[in-house]
C-alpha cells in the first residue's frame, strides 16, 4: 500500500544528464572561476544534493526544477521509504523531521519543496527556464496556482494513502466517502482552470512556470492511482503535453517505469 | 468551539492606520501620477481588498504583511465564519473554495496566504520592511522556515479544531493523543530553532522577515489556546518581542481583545 515505493539503491545521473554534464564541464573551464551565469549556458551544481523517494510529488518538484533550471551535475540519492531510509542519520542531519525530500545547496538547507523551488528560481534567475514572471498579473496567477497545490496534495493523499495514514481501528467508510468527494470537487476546480485557459496551456497560462513544477507531479500521482483520463479531458491533455518535457522525462519516478501501477483507488473520483 | 469566531460586521481601518493613510494622501498628491516607490514613503493600496476572519492565522498573515509593507488604505472586510459569511457570493467570486482569506489586488487574485505575502514582497520590494533577503544563505533560512509553518498549522489545527473537523461518530481518543504528541514534537523543533539563534532573534535570524509574517500568527494561535509559556521559554520570549510590533498590534484579532480566551486545549502539550 505504500505510495512512494521503489528501489532502495542510490542511482546515478541519467545518460542525458551525463551528456549535458560533460558539456558543462568544458564551459565551466572556460569561465571559471567566474560565477556569473548567462542564459543558455549552464552552471555546475555539484554542491547541491537531494535525497528523494520515487513517486513522491514533493521530491519530484525539486528534481523537475533542477532539470528546468539546467543545474547540471547535482548530487542525488534515491532512498526507499519502505526500508525506512528516510529515517537514516544522513537524512535527519539535513531534515530533522526525517522526511523526504531533504535538499542542501552547499551549507544551505531547504527541505520544503515549495521553498526549494522558489530558492532555485530566485538564485538562478538567468539560467534555464524562467519559471517566475515579474509582471504583477502573471505573477499573481503563478503564485495562486502554486500554493493551491498543497490542498490538492492533501486531498489526494487522504484518499490514496488512507490506510497508510489512518490506523485500522480509526478507519470509517464515511470518512473515505467524504475524502473522495472532496478530492473530486478539488479536481473539478483544476479541470475548470485549464478549460478556461484553452488548449495547449500550462496551468497558469501560456508559459511553463513554477506552478507547473509544483502541480504536475501531483497530477501525475493522481493518474498513476487510477484517475480517469476520460472524466477530466483538460487535465488529461495537459498531462500529455507536460509529460513529454525533457525535464519531466529525466525525473520520471523510476519504479513507475517498471510497472503500470494498475492502481484503481481513484477510478470512481 | 469555533476557533475563528468574532464579530460579523465589516470594520474600518484602525486609528493608527487612518493617521498614516492621511499622511500618504499628501505624499501621493506630491508624486502622482508616478508609481515609483521610495523606501520610507508609502504607496496607497486602495485597489487591494482582503476578506478575513478574526483569529485565522492565514488571514492574519496577509494583514500583517500589508502593515509591514506600509500599503496604506487597503480595503478589508471582517467576516464571521460562524455566520458562514465566507460562503457568501462576494467571497466565492474571488475564492471559489469559499474560504478566507480572499485577497485581490486590482484584477489580480491571490487567496493563498503564502502566495499573497510573496506577491506583496515581490511587487513592493522597496517599500516598508524588507521581508526577503537576497543573499542565498539568509534567503534559504527564510524560505525553509516559512514553508515549515504549514506543518505547524496542520498539527495545531488537528488538536485545537478536532471536534470541528472530525464528525462525532469518527472521533477517537487514540487520534487525539497522537495528534497532541505530534504537535508537541513540532513545537519542540521551533523552540530549538530559537534556542540556537539566541535571545532577541526573529524566527529566521536577526531580522524580521516573511518567515515571521507566516509563523507568528500560528504561534499566537497556539498561545491563545493554552500553550504553556513556561514549557516553551524561547517561543514565549519571541512571542513577547513580536507582539509589540505596530504591524502586529494593528492587525491583532479583534475578538481576542474582547476576551482572554481562557482556552486550555493545549495546556498539556
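All of the numbers you see were taken from the coordinates with simple rules; none came from a lab. Everything numeric here is computed off the predicted structure, so don't read it as measured data. All Cβ positions, glycine included, derive from the backbone under ideal geometry; neighbour counts span all protein chains shown.
Counting other C-beta atoms within 10 Å, which of B:212, A:47 has the fewest, and how do the rest follow?
Ascending Cβ contact count within 10 Å gives the list A:47, B:212.
Calculate, for residue B:92 and residue A:257, the FRET efficiency according to 1/(1 + (r/R0)^6) with r their C-beta to C-beta distance and R0 30 Å; round to the nearest 0.05.
Computed FRET efficiency for residue B:92 and residue A:257 comes out at 0.10.
Give the Debye-formula value of log10 I(q)/I(0) at each listed q (0.12, 0.14, 0.20 Å⁻¹), with one equal scatterer per alpha carbon of the range A:129-269, two decimals each.
-0.51, -0.69, -1.27
Taking a label point 7 Å out from Cα toward Cβ, give me the nm distances from residue B:249 to the same spot in the other copies, shortest first, one decimal.
For residue B:249, the other copies' label points sit at 6.1 nm, shortest first.
With a point put 7 Å past each Cα toward its Cβ, work out how far residue A:237 is from residue B:174 in nm, to one decimal.
Going from the residue A:237 label point to the residue B:174 one covers 4.8 nm.
Return a whole-number percent for the relative contact order of the range B:101-238, with Cα pairs under 8 Å and 6 or more residues apart as the contact set.
Computed over the range B:101-238, the figure is 25 percent.
How far is residue B:176 from the same spot in each other copy, in nm, shortest first, if each label point sits 7 Å from Cα toward Cβ?
2.7
Compute the label-point distances linking residue A:106 to its equivalents in the other copies; points lie 7 Å from Cα along Cα→Cβ; give nm, one decimal, shortest first.
3.7
Please report B:165, A:110 as a ranked list, fewest other C-beta atoms within 10 angstrom at the top and most at the bottom.
Starting with the residue having the fewest Cβ neighbours, the order is B:165, A:110.
Would the range B:216-269 count as rounded, prolate or oblate if I go by the C-alpha gyration tensor, calling it rounded below 1.5 in a/c and otherwise prolate when a/b exceeds b/c, oblate otherwise?
oblate
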